[in-house]
Number of protein chains: 4
Amino acid sequence: MFHHQVDTSVIDDASTPWVPFSPYSNDVLIKYFKADPVRGETITLLKAPAGAQMPKHHHSGTVIVYTIKGSWKYIEHDWVAGPGSIVFETAGSAHTPTFVGDSDEVITLNVVVGDLLYMDDNDNVLAIENWKTAVQRYEAFCQANDIAPRDITAFN
Amino acid sequence: MFHHQVDTSVIDDASTPWVPFSPYSNDVLIKYFKADPVRGETITLLKAPAGAQMPKHHHSGTVIVYTIKGSWKYIEHDWVAGPGSIVFETAGSAHTPTFVGDSDEVITLNVVVGDLLYMDDNDNVLAIENWKTAVQRYEAFCQANDIAPRDITAFN
Amino acid sequence: MFHHQVDTSVIDDASTPWVPFSPYSNDVLIKYFKADPVRGETITLLKAPAGAQMPKHHHSGTVIVYTIKGSWKYIEHDWVAGPGSIVFETAGSAHTPTFVGDSDEVITLNVVVGDLLYMDDNDNVLAIENWKTAVQRYEAFCQANDIAPRDITAFN
Amino acid sequence: MFHHQVDTSVIDDASTPWVPFSPYSNDVLIKYFKADPVRGETITLLKAPAGAQMPKHHHSGTVIVYTIKGSWKYIEHDWVAGPGSIVFETAGSAHTPTFVGDSDEVITLNVVVGDLLYMDDNDNVLAIENWKTAVQRYEAFCQANDIAPRDITAFN
């Protein structure tokens, strides 16, 4: 029975590699803690150097962003998210991140439900990011770097 | 405070119109009970005549389908969903519905979280359906038919 | 990897037994379609004869009730839920069901997230119902009746 | 329409007070970012001094804990959660936190869905914590300290 495989557990920071967010960027790095293959929630850290650019995207579900270091904003909103802040994004929202301030890098914790769609200026969908692409990118990086992958889709 | 607007309530079958699922089909009808603008969950009935076709689509989140009348299947799966069955669809799944059996119509209850993406044979995204398009279609139908719309995005 | 165990599937009405809702009632029956051991969502049918009583209870999460047959209400609310209606219950709500109308029984489909707490008149918690008690009741009934249990906690 | 009140926004660290977790402890402090009155999710920081004790509790839904400072564990599990780690707790789990290591305090970010039930040694429920008690504690603290409360239940 599946429920015998389910338990509360910890995932250490050090045990989880920083993975380049290819093919979008080699400067933006992702640390994959969890990718729920049933409900589609991913839990990740994102690290981006000052000046990195990320394209406009749409979210199918909610996003919680806790900013650990640095400051950033969406060009569609006036507010700036600094260290220690929480951004709550609602289903169906779309926006373009940009990094601001003097910090040399931005690090955020992201709890993302569902798909992230990259879009061009005419709202055509260019690419889909979700739990499946998270697993593919993580496992490809582990294989290329001789790291034994954890099962980031398991709950134990 | 928003929480003062929140209460448990009922939405009657009779008070909610059948809305054509335009522009995809005029034969397929949707009854909109709820469209959550925060988490992106929609609760709907779908009614399709025997022989109706619906294109391949992808879901960003989970889908629960309770079949009230008729039988249907996905061409990607062997199983058939008949009256009284529950289909549970996981995040990131994609499939093509087809209606089977002798019934003159199929009626299902659908609890859908997040986006439904219509795709062509090369997995290019043709259209996005979610809580926003639900509200737009429902409100446009109400306006065109002189019906006072309920707030299907509210929780009271 | 857990995600290799995940697939979209159907659960037939006929393959799933009606289980008495013991120790609360032998007249109220539950059909268990799904019990999510990660997020705590259960998908069930409930069948109660006219005149059955159920005690006051509190929900930690949302509840969606689709009424298939008969009519019922909560004594805390004026509205009545009849066939074809949707009731949406919000997190932290509490209420006392009662069955109304001429039908000999009430049948509902219930999508319940989290715990249901039975409470006495002073709001002391008497019992907790959730995905774990669902599994226990279902498996005990199957064992006592020589039925091979499905894994209602799996997603495939 | 409710959806006109919904928007993506930031909640600053500095704009949100530390609130004593009374009546359980005056040493443990909570910072309330969000309390969802529909789905029951709360987003908070918790700060506890070295040596603080917290009782055994049960969760109706999932919990995500990101540890910002210090180390802690559950006496029911062998693992220790240190800075930068993610703990993922599944629905229906119960455990007793204890703080470990040399740090003078522990600070965690907590995304909690549903109820937290405090229990005695015989699993009797002593108290319920959820989005409602979050709002009550936050608003009572604001009133007592002449702070204009934000609407932590809103999504804008």
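Test D:VAL38 against the stated conditions and say whether it is open to solvent by 10 Å² or more (accessible area, probe 1.4 Å) and free of Cβ contacts under 8 Å to residues at least 24 places away in the same chain.
Working: open to solvent by 10 Å² or more (accessible area, probe 1.4 Å): no; free of Cβ contacts under 8 Å to residues at least 24 places away in the same chain: yes.
So D:VAL38 fails the test.
With respect to the numbered conditions (1) out of contact with any Pro (no Cβ under 7 Å at 6 or more places or on another chain); (2) farther than 29 Å from A:ALA94 by Cβ; (3) open to solvent by 10 Å² or more (accessible area, probe 1.4 Å), which one is the sole condition not fulfilled by B:ILE68?
(1)
Would you mind listing the strands (runs of 3 or more DSSP E) fully within the stretch C:38-149 where at least 2 residues are farther than 23 Å from B:PRO83 by Cα and not acidic (Asp, Glu)? Can you show your working first?
Details: elements: C:41-49, C:57-59, C:63-69, C:71-74, C:86-89, C:97-100, C:105-113, C:116-119, C:125-129.
Those strands (runs of 3 or more DSSP E) span C:57-59, C:71-74, C:97-100, C:116-119, C:125-129.
If we keep just the residues of the stretch B:1-33 that are at the interface with another protein chain (Cβ under 7 Å from one of its Cβ atoms), of a type in the set (A, V, I, L, M, F, W, C) and in contact (Cβ under 8 Å) with a residue 40 or more places away in the chain, which is most open to solvent (accessible area, probe 1.4 Å)?
Step by step, filter the stretch B:1-33, then rank; the result is B:VAL6.
Which of (1) polar (S, T, N, Q); (2) open to solvent by 30 Å² or more (accessible area, probe 1.4 Å); (3) in contact with a strand residue (DSSP E or B) (Cβ under 7 Å, 6 or more places away or on another chain); (4) modelled with pLDDT of 95 or more does D:SER85 not meet, given it meets every other one?
Here D:SER85 clears every test but (2).
Within the stretch B:69-79, can one find any residue that is closer than 23 Å to B:VAL19 by Cβ and within 8 Å of another protein chain (Cβ to nearest Cβ)?
Of the stretch B:69-79, the ones closer than 23 Å to B:VAL19 by Cβ are B:69-70, B:72.
So of that shortlist, the ones also within 8 Å of another protein chain (Cβ to nearest Cβ) come out as none.
No, there is no match, as no residue in the stretch B:69-79 is closer than 23 Å to B:VAL19 by Cβ and within 8 Å of another protein chain (Cβ to nearest Cβ).
Only one residue in D:LEU29, D:LEU45 is under 30 Å from A:ALA94 (Cβ atoms) and of a type in the set (A, V, I, L, M, F, W, C), so which one is that? Give the derivation first.
Values: D:LEU29 fails: under 30 Å from A:ALA94 (Cβ atoms).
Criteria check complete, one pass: D:LEU45.
Restricting to the stretch D:133-156, give me the number of residues that are under 18 Å from C:HIS59 (Cβ atoms) and in contact (Cβ under 8 Å) with a residue 60 or more places away in the chain.
Number satisfying all stated conditions: 3.
If you check C:ALA140 against the conditions, is it out of contact with any strand residue (DSSP E or B) (no Cβ under 9 Å at 6 or more places or on another chain), more than 30 Å from B:LEU45 (Cα to Cα), at pLDDT 95 or above and among the aliphatic types (A, V, I, L, M)? I'd like the intermediate steps shown before the answer.
On the way: out of contact with any strand residue (DSSP E or B) (no Cβ under 9 Å at 6 or more places or on another chain): no; more than 30 Å from B:LEU45 (Cα to Cα): yes; at pLDDT 95 or above: yes; among the aliphatic types (A, V, I, L, M): yes.
Answer is no for this residue.
Select from the stretch C:112-132 the residues that are polar (S, T, N, Q) and more than 13 Å from the chain's Cα centre (by Cα) and write down the one among them that is modelled with the highest pLDDT. Don't jump to the end; show me each part of the working.
Of all residues in the stretch C:112-132, those polar (S, T, N, Q) come to C:122, C:124, C:130.
Of the ones still in play, those that are also more than 13 Å from the chain's Cα centre (by Cα) are C:122, C:124.
Details: C:ASN122: 86, C:ASN124: 89.
This residue is C:ASN124.
Would you confirm, using the coordinates I've provided, whether B:LYS56 is surrounded by fewer than 20 Cβ atoms within 10 Å (Cβ to Cβ), within 22 Å of A:ASP115 (Cα to Cα) and of a type outside the set (Ser, Thr, Tyr)? Write out each step before concluding.
Working: surrounded by fewer than 20 Cβ atoms within 10 Å (Cβ to Cβ): yes; within 22 Å of A:ASP115 (Cα to Cα): yes; of a type outside the set (Ser, Thr, Tyr): yes.
When the stated conditions are applied, B:LYS56 passes them.
In the set A:ALA35, A:ALA91, A:ALA14, A:ALA48, which member is closer than 30 Å to C:GLU139 by Cβ and among the aliphatic types (A, V, I, L, M)?
On the way: A:ALA91 fails: closer than 30 Å to C:GLU139 by Cβ; A:ALA14 fails: closer than 30 Å to C:GLU139 by Cβ; A:ALA48 fails: closer than 30 Å to C:GLU139 by Cβ.
Answer to the selection: A:ALA35.
Could you count how many residues in the stretch C:143-156 are closer than 23 Å to C:ASP7 by Cβ and not charged (D, E, K, R)? Can you show your working first?
Looking only at the stretch C:143-156, we keep the residues that are closer than 23 Å to C:ASP7 by Cβ, and these are C:148-156.
Subsequent filtering for residues that are not charged (D, E, K, R) retains C:148-149, C:152-156.
Count: 7.
For B:MET119, indicate whether it is within 25 Å of A:THR133 (Cβ to Cβ) and either surrounded by fewer than 19 Cβ atoms within 10 Å (Cβ to Cβ) or of a type in the set (A, V, I, L, M, F, W, C) (or both).
On the way: within 25 Å of A:THR133 (Cβ to Cβ): yes; either surrounded by fewer than 19 Cβ atoms within 10 Å (Cβ to Cβ) or of a type in the set (A, V, I, L, M, F, W, C) (or both): yes.
So B:MET119 passes the test.
In the stretch B:129-152, which residues are of a type in the set (D, E, K, R) and under 14 Å from B:ILE30 (Cβ atoms)? Show your work before the answer.
Quick first cut of the stretch B:129-152, residues of a type in the set (D, E, K, R) only: B:129, B:132, B:137, B:139, B:146, B:150-151.
Within the stretch B:129-152, B:GLU129, B:ARG137, B:GLU139 qualify.
Which members of the stretch C:88-111 meet the condition of being more than 14 Å from chain D (Cβ to nearest Cβ) and either open to solvent by less than 20 Å² (accessible area, probe 1.4 Å) or within 26 Å of D:HIS59 (Cβ to Cβ) (or both)?
To start, the set of residues in the stretch C:88-111 that are more than 14 Å from chain D (Cβ to nearest Cβ) comprises C:95-110.
Result: C:HIS95, C:THR96, C:PRO97, C:VAL106, C:THR108, C:LEU109, C:ASN110.
Can you find a residue that is hydroxyl-bearing (Ser, Thr, Tyr) and touching an Asp or Glu at 6+ places or on another chain (Cβ under 7 Å) anywhere in the stretch B:43-62?
There is at least one residue in the stretch B:43-62 that is hydroxyl-bearing (Ser, Thr, Tyr) and touching an Asp or Glu at 6+ places or on another chain (Cβ under 7 Å).
With the structure loaded, tell me whether C:GLY61 is in contact (Cβ under 8 Å) with a residue 12 or more places away in the chain, facing another protein chain (nearest Cβ under 7 Å) and under 30 Å from A:PHE155 (Cβ atoms) or whether it fails that test. So that I can check it myself, show each step before the final result.
Working: in contact (Cβ under 8 Å) with a residue 12 or more places away in the chain: yes; facing another protein chain (nearest Cβ under 7 Å): yes; under 30 Å from A:PHE155 (Cβ atoms): yes.
Answer is yes for this residue.
Take the residues in the stretch C:133-155 that are buried (at least 19 other Cβ atoms within 10 Å of the Cβ) and within 13 Å of chain D (Cβ to nearest Cβ); name whichever of them is farthest from the chain's Cα centre (by Cα).
That would be C:THR153.
Return only the number of the condition from (1) assigned to a strand (DSSP E or B); (2) more than 29 Å from C:THR153 (Cα to Cα) that D:ALA154 does not satisfy.
With respect to (1) assigned to a strand (DSSP E or B); (2) more than 29 Å from C:THR153 (Cα to Cα), D:ALA154 is out only on (1).
Of the residues A:THR16, A:THR90, A:THR108, which single one is modelled with pLDDT of 95 or more, polar (S, T, N, Q), out of contact with any Leu (no Cβ under 7 Å at 6 or more places or on another chain) and closer than 29 Å to D:VAL113 by Cβ?
Numbers: A:THR16 fails: modelled with pLDDT of 95 or more; A:THR108 fails: out of contact with any Leu (no Cβ under 7 Å at 6 or more places or on another chain).
The conditions single out A:THR90.
Here are some conditions: (1) surrounded by fewer than 16 Cβ atoms within 10 Å (Cβ to Cβ); (2) of a type in the set (A, V, I, L, M); (3) closer than 30 Å to A:TRP72 by Cα. D:ALA50 meets all but one. Which one does it not meet?
(3)
The values are calculated or read from the model by the stated rules, or taken from the named source; none is laboratory data. Since we're looking at a predicted model, the values are computed, not measured. Note that we place each Cβ from the backbone using ideal geometry, even for glycine, and neighbour counts take in every protein chain shown. We work out accessible area using only protein heavy atoms, side chains counted, and drop any ligands, DNA or RNA first. Shrake-Rupley method; radii C 1.70, N 1.55, O 1.52, S 1.80 Å.
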